[in-house]
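Everything below concerns the one structure shown next.
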Amino acid sequence: MAASDAKEAPHMGMEARLPRTPAGQTKAANTKIWKGFVQGSIGAAIGGACAHPLDLIKVRMQLQTDTKLNMLQMGPHIVKNEGPLGLFKGVDASACRQLVYSGVRFGVYDMLKGFCGESTRPLSTIEKVGCAAVAGATGAFAGNPGDLAMVRMQADGKLPPDQRRGYKNIFDAVGKIAKSEGVMSMWRTGVVPNMNRATIITVGQLAAYDTCKEVFVDHLGMKEGVGLHFSSSFSAAFIASVMSNPVDVAKTRLMNQRPEEGKPLLYKSTVQTMSTIVQQEGPFALYKGFAATFARQCPFVVITWVTVEKLKKIMKDW
């Protein structure tokens, strides 16, 4: 055996401990974009469903202007006023959104890393960040109708009874939005802040996961397994939460505002929304719901990545 063959292959991110693709099959393997889409869709749908109550609490906290309920108070407040099932409002929209949004971003992320040559060399952090940013923006654009429906369904219980939209499910929500506001409104309403947020959060969830995993393997000597996946995804969840919360607050405010005849919209763009929030409520208002964001990100990112890693092993020869 040649000396070069005896050396352990360098760590190359999440695929490093899986069997390497033979040189002659690199092009064929890179064409299987559907595998990343399926893995990301299933992993994120499961993670999103498990973390949905925390996501709903986060949205309600971000919409607060007068009341100041914290995460531990908001949950019981929702249960008291809307019943236990109130914590799962919009869960169907959340699952459908993840099937599209996360499927696209995981698939595009793997595809772009393949184009950058990950099968032959370790990618730099900058390359992974660029791949994740493009993947996040693409996934957010594709999944914006589901995200719009989810935000409105989650926020409905906070509105006075006469102002509630009363969507029954995601299909009812999308149908009513298309009928009353136009089909293109599902991409005009909040799509830019959603893409901005997704760009940031995907860098945190995907690129940071790969980078953290490399650090834990190369410098802490951790071995491939659930422990490594948990540590890497937990770290990625914190990074994603810190990076995304201000844009997430702006996105929630933009998507939830209701147009009123004769009155200009209070929020118009991501930057203008963030500026208005800071002026009216102070800079820390941009981190409203951070505890809920991080509490939601942890189970979501951990469950998503553990599921995705398991699926990658199962599907490696497909």
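The values are calculated or read from the model by the stated rules, or taken from the named source; none is laboratory data. All figures in this text were calculated on a predicted structure; none of them were measured in a lab. Glycine gets a Cβ as well: all are built from the backbone with ideal geometry, and neighbour counts include every protein chain shown.
Considering the stretch 162-240, the qualifying helices (runs of 4 or more DSSP H), each wholly inside and each with 2 or more residues that are among the aromatic types (Phe, Trp, Tyr), run over 208-220. Of the residues making up the stretch 107-154, just one is β-branched (Val, Ile, Thr) and not in a helix (DSSP H, G or I), namely 120. Pairs meeting the criteria (first residue in the stretch 71-90 and farther than 20 Å from residue 165 by Cα, second residue aliphatic (A, V, I, L, M) and assigned to a loop (DSSP other than H, G, I, E, B), beta carbons under 9 Å, at least 6 apart or on different chains) are 77/69.
Looking at the stretch 109-119, which of the residues that are out of contact with any Cys (no Cβ under 6 Å at 6 or more places or on another chain) and touching a residue at least 60 places away in the same chain (Cβ under 8 Å) is surrounded by the most Cβ atoms within 10 Å (Cβ to Cβ)?
Per the criteria, the residue is 110.
Among the residues of the stretch 175-186, the ones that are at pLDDT 85 or above and either surrounded by 15 or more Cβ atoms within 10 Å (Cβ to Cβ) or in contact with an Asp or Glu (Cβ under 7 Å, 6 or more places away or on another chain) (or both) come to 2 in all.
Every listed requirement among (1) under 18 Å from the mean Cα position of the chain (by Cα); (2) surrounded by fewer than 22 Cβ atoms within 10 Å (Cβ to Cβ) is met by residue 245 save one, (2). Looking across the stretch 89-130, the residues that are under 18 Å from the mean Cα position of the chain (by Cα), over 18 Å from residue 309 (Cα atoms) and of a type in the set (A, V, I, L, M, F, W, C) come down to 91, 93, 95, 96, 100, 129. Restricting the stretch 149-174 to residues that are out of contact with any Lys or Arg (no Cβ under 9 Å at 6 or more places or on another chain) and among the acidic types (Asp, Glu), the residue that is nearest to residue 185 (Cα to Cα) is 172. The one condition from (1) over 19 Å from residue 68 (Cβ atoms); (2) surrounded by fewer than 18 Cβ atoms within 10 Å (Cβ to Cβ) that residue 282 does not meet is (1). Just one of (1) more than 16 Å from residue 257 (Cβ to Cβ); (2) out of contact with any Ser or Thr (no Cβ under 7 Å at 6 or more places or on another chain) fails for residue 137. It is (2).
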